[in-house]
Amino acid sequence: MGRYFHSEVDIKSPWHQVLAAFWQRYPNPYSTHVLTEDVLYREVTSSNHLLSRRLLTKTNRLPGWAERVFPMHMARAVYVLEDSIVDPQAHTLITKTWNLNHNTLMTVVERCLFEENHGRPSWTKLRREAWISTAVYGLGRPIQEFGLARFKSNQAKAMRGLEYSLSKLQTSDQGESSEKQKPLPPQATPTPNQKPKQFV
């Protein structure tokens, strides 16, 4: 049957900031298990949607009981594909992720919807769903329970990582706005035979 997870979270930041933070969330101190991220494909469609496919490499530490059951040479890295669609008109970001290896042991499919909160436009609503299944006969229940517990732990870290990325962006924005508010230095008026400086 597999296990199902669902959560809804309100993020206290506007959608465009959450979108920017999403693309810049790695590296962060809460997601040290994410080793690499690579863009495999990106396209802007005729309807102005941004389609992306990324490959993420994550560490995969097995629980003690699983290390006694599964081969020692089993890869400790998990390769995860992440497909995403950004709709700038509707203010939505939809992502779907799933693991490419260790599928016999466990498959985790996650779908996230980030959308502008229409009741509070300065907030963003995140709906997250996950499906966890295994093809291991006789150990399905403990594997799925372990997968669900790990998924909950990792998604909590992912939220902290996103909040970390948001705080960095907001600090950067505040720094830029304070720079813009500084008075400009007085400009020397060019004399008739002095040409004004040109900027390229």
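Odds and ends about this structure:
- Selection within the stretch 1-46 - surrounded by 16 or more Cβ atoms within 10 Å (Cβ to Cβ), more than 18 Å from Thr97 (Cβ to Cβ) and of a type in the set (S, T, N, Q): Ser13, Gln17
- So Ala130, is it surrounded by fewer than 17 Cβ atoms within 10 Å (Cβ to Cβ) and either at negative phi or polar (S, T, N, Q) (or both): no
- A count restricted to the stretch 103-156 and to residues that are closer than 20 Å to Thr59 by Cβ and in a loop (DSSP other than H, G, I, E, B) stands at 5.
- Residues (over 14 Å from Lys157 (Cα atoms) and touching a Pro at 6+ places or on another chain (Cβ under 9 Å)) located in the stretch 1-34: Pro14, Trp15, His16, Leu19
- When the stretch 82-127 is limited to residues that are touching a Phe, Trp or Tyr at 6+ places or on another chain (Cβ under 6 Å) and not β-branched (Val, Ile, Thr), the one that is surrounded by the fewest Cβ atoms within 10 Å (Cβ to Cβ) turns out to be Leu100.
- Asp38 meets the conditions (1) closer than 30 Å to Gly140 by Cβ; (2) of a type in the set (D, E, K, R); (3) at pLDDT 95 or above in every case but one. The failed one is (1).
- Extreme residue, modelled with the highest pLDDT, among residues of the stretch 47-69 that are more than 17 Å from the chain's Cα centre (by Cα), surrounded by 11 or more Cβ atoms within 10 Å (Cβ to Cβ) and not polar (S, T, N, Q): His49
- Within the stretch 30-59, tally of residues that are basic (Lys, Arg) and on the phi > 0 side of the Ramachandran plot: 0
- Among the residues making up the stretch 165-200, a single one is open to solvent by 80 Å² or more (accessible area, probe 1.4 Å), of a type in the set (Ser, Thr, Tyr) and either in contact with a strand residue (DSSP E or B) (Cβ under 6 Å, 6 or more places away or on another chain) or modelled with pLDDT of 55 or more (or both): Thr171.
The values are calculated or read from the model by the stated rules, or taken from the named source; none is laboratory data. For clarity, every value in this text was computed on a predicted model and none was experimentally measured. Cβ sites come from the backbone with ideal geometry, for glycine too, and all protein chains shown count toward neighbours. When the accessible area is computed, the model is the full protein with side chains, heavy atoms only, and any ligands, DNA or RNA have been set aside. Shrake-Rupley method; radii C 1.70, N 1.55, O 1.52, S 1.80 Å.
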